[in-house]
Each structure stands twice: as structure tokens, then as C-alpha cells.
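One structure below.
The values are calculated or read from the model by the stated rules, or taken from the named source; none is laboratory data. Keep in mind that what you see is a predicted model, and the values were worked out from it rather than measured. We place every Cβ from the backbone using ideal geometry, glycine too, and count neighbours over all the protein chains shown. Surface areas here come from the heavy atoms of the whole protein model, side chains and all, with no ligands, DNA or RNA. Shrake-Rupley method; radii C 1.70, N 1.55, O 1.52, S 1.80 Å.
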Amino acid sequence: MYKSISTRYVSAQRCAEALDLLHSGACLQLKHGEVTCGSELAVMFVDALVKGKIPCDPEIVDRIRKIYKLFPQIPVPSNFAVEDDVQELTEALGAAKTRLQSCYSFLKAAIKWSAEFGADKNGDPQLHTMLAEYIYSESPEMDMAKVSYHFVRGNNLKKFATTLVNFMSKCYPGEDDIAIARAILMYLSMGNLQDASSLMEELKKQVQAQELEFPVSDLIQFINLLLLTLEKETLPLFNALRVKYKPSIDREPAFNELVCDIAEKFYGMQRRNPFQDMFGDMLKVSDLSN
């Protein structure tokens with residue numbers, strides 16, 4: 001009923017009525033635990049925003065937040081005491097994946113809409129923060145790269161730091177410094193030195209307040225020196241750091257790409273095209289043979 005009536009409203013260009021109906025329907029379904037139905041109506045709500053070419057403004061973002069807040073947040077059980085509970089764990093993990101995918105589809109659509117009809121080309125920062133929080137709290141298989149991707153496009157640096165510190169307390173050895181480095185490099189790859197430096201300061205502050213140990217590694221040393229180098233805009237030192245700490249950078253495949261983005265953002269260094277290098281070598285061989 002919600003779908004059919006709202007579709008008629010949209011076709012008749014009665015966008016405001018369609019939005020009201022879809023919003024109330026999504027909220028009602030989610031309140032009663034009907035995640036699949038609620039998320040479908042939530043996505044249709046965003047589709048109506050797009051079709052109506054509704055601009056991204058605080059009022060609409062608040063309506064999206066209201067839907068988001070109604071998505072269930074249920075901790076996934078980490079272990080069970082007896083073998084008889086394996087089926088229960090399997091069902092819990094399946095339900096968590098459904099919740100995550102449903103909320104993810106809704107907020108991704110909302111971010112895309114806000115990028116098209118809002119001021120920020122990356123999408124509304126509040127929506128990115130919502131998605132980052134939900135992925136971290138609800139995902140059965142933690143993906144800190146995806147969490148960080150949305151946090152760096154969000155607007156809550158302290159929450160980002162809190163999330164990283166929480167992750168550090170329960171991750172495997174060697175994952176903590178990678179998570180920190182990834183977050184800082186992502187900020188820098190967007191040209192955002194201020195938030196990169198602020199995040200590092202906030203992380204150290206929170207770690208000290210909780211009497212935890214901040215990771216000590218060559219990778220963290222590289223990040224600290226990189227922040228100082230970018231503040232001074234020293235290209236030779238930047239290149240020297242890339243060479244010296246190459247083994248640390250190579251620990252994560254995506255780091256080399258991020259460092260190349262940073263070189264382009266801060267120093268205007270163009271990426272080397274491997275095909276151009278290949279053809280250049282071929283021309284050199286051809287010239288020698290002639």
C-alpha cells in the first residue's frame with residue numbers, strides 16, 4: 001500500500017505527500033522490527049528526493065536521521081558456551097548482515113542524493129558519520145577501511161578517534177598502527193592536513209586519558225614525520241620519507257595509493273603512467289636498434 005500510493009503521488013508530482021507517506025511508513029516498519037520493509041520504504045524516500053530534485057538542507061537531513069535512528073542496533077554475540085548454540089549464532093550473524101546491508105543501502109543512497117543536490121561534492125558529512133557509526137557497531141566482520149572512509153568525510157572527529165581507540169583495545173596485534181595510519185593518510189589524501197593533525201592529537205589525548213599504550217612502530221613514526229613534513233612543505237624530505245619507510249608503507253596495499261594522492265595534493269606530483277613508461281622503453285629499444 002505504501003509503495004503503490006507513494007508511486008502515484010510521485011507520478012502526479014505530489015512530492016511532499018509522497019515524502020510524508022514514505023517517511024512515516026519507513027519509521028513505522030522499523031519501529032516494529034520490520035527491517036527489510038522499513039529499509040525498502042527508506043530507500044524509496046530517498047528516490048523521491050531525487051525525482052523531486054529536493055535540495056539537501058538541515059530539515060531533510062534530520063528526517064533521514066530519524067529513520068536511521070530506528071534501525072535496530074543489536075550487539076552481535078562474540079561467543080557461545082555450548083555447541084547447541086551454533087545455530088543461534090548463525091542466525092544472529094545472518095540477521096546482523098541483513099540489518100547492516102539494509103541501513104547501508106539507505107544511507108549510501110542518501111549520501112549520493114546529498115552529493116548531487118547539496119553543497120558538498122562528497123555528500124553531507126552528517127550522513128557519512130551516521131554510516132560510519134552503523135558499520136562499526138553492527139558489522140559482524142569489521143572493515144575499518146570502510147569505517148574510516150566515511151568518518152574522514154564526516155563531521156565528528158572526536159567520535160572517529162573514540163572509535164579507533166575502541167578498535168585498538170580489541171584488535172589483533174599489528175592492526176592498531178595500521179588503523180591509525182590509514183585514518184591519517186585518508187585525511188591527507190584529501191588535502192586535509194588540519195583534521196589529520198587534529199585526529200592524531202585527539203587519539204593521543206584519549207589513549208592517555210584511558211591509561212592505554214599508544215602503538216609504537218616504524219609506521220607510526222612515518223606518520224608523525226609525514227605530518228611535520230607536510231606542515232613545512234618540504235618535498236625533498238617527503239621523498240626521503242617515502243624511500244626510508246617503504247617497508248612500512250608496503251604493509252597495507254592501499255597505502256602506496258594514498259601516499260601518491262598526498263604527493264599530488266601537496267606537491268603537484270603527477271602520477272607515473274605505467275603504459276607511458278612501457279611505450280617509452282619500447283621507443284628507446286627501437287632507437288637503439290636503428
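The table below gives the values:
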read-out	value
Residue that is least open to solvent (accessible area, probe 1.4 Å) [pool: residues in the stretch 231-250 that are part of a helix (DSSP H, G or I) and under 13 Å from residue 269 (Cβ atoms)]	238
Filtered residue count, the stretch 251-270, keeping only those that are loosely packed, with under 13 Cβ neighbours inside 10 Å, over 26 Å from residue 176 (Cβ atoms) and of a type outside the set (Gly, Ala, Ser)	1
Entirely in the stretch 1-97, the helices (runs of 4 or more DSSP H) that have 3 or more residues that are under 15 Å from residue 110 (Cβ atoms) and at pLDDT 90 or above	15-31, 35-51, 58-69
Those residues of the stretch 16-31 which are open to solvent by less than 50 Å² (accessible area, probe 1.4 Å) and either without any contact (Cβ under 8 Å) to a residue 40 or more places away in the chain or aliphatic (A, V, I, L, M) (or both), in sequence order	18, 19, 21, 22, 25, 26, 29, 30
The stretch 181-225: number of residues that are within 13 Å of residue 258 (Cβ to Cβ) and either of a type in the set (S, T, N, Q) or touching a residue at least 40 places away in the same chain (Cβ under 8 Å) (or both)	13
Residue check, residue 279 among the hydrophobic types (A, V, I, L, M, F, W, C), closer than 30 Å to residue 163 by Cα and either open to solvent by 20 Å² or more (accessible area, probe 1.4 Å) or modelled with pLDDT of 95 or more (or both)	no
Yes/no for residue 202 being more than 21 Å from the chain's Cα centre (by Cα), within 30 Å of residue 121 (Cβ to Cβ) and charged (D, E, K, R)	no
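Conditions tested, residue by residue: (1) closer than 22 Å to residue 118 by Cβ; (2) open to solvent by less than 70 Å² (accessible area, probe 1.4 Å).
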| site | (1), (2) |
| --- | --- |
| 14 | no, no |
| 33 | no, yes |
| 37 | no, yes |
| 49 | yes, yes |
| 58 | yes, no |
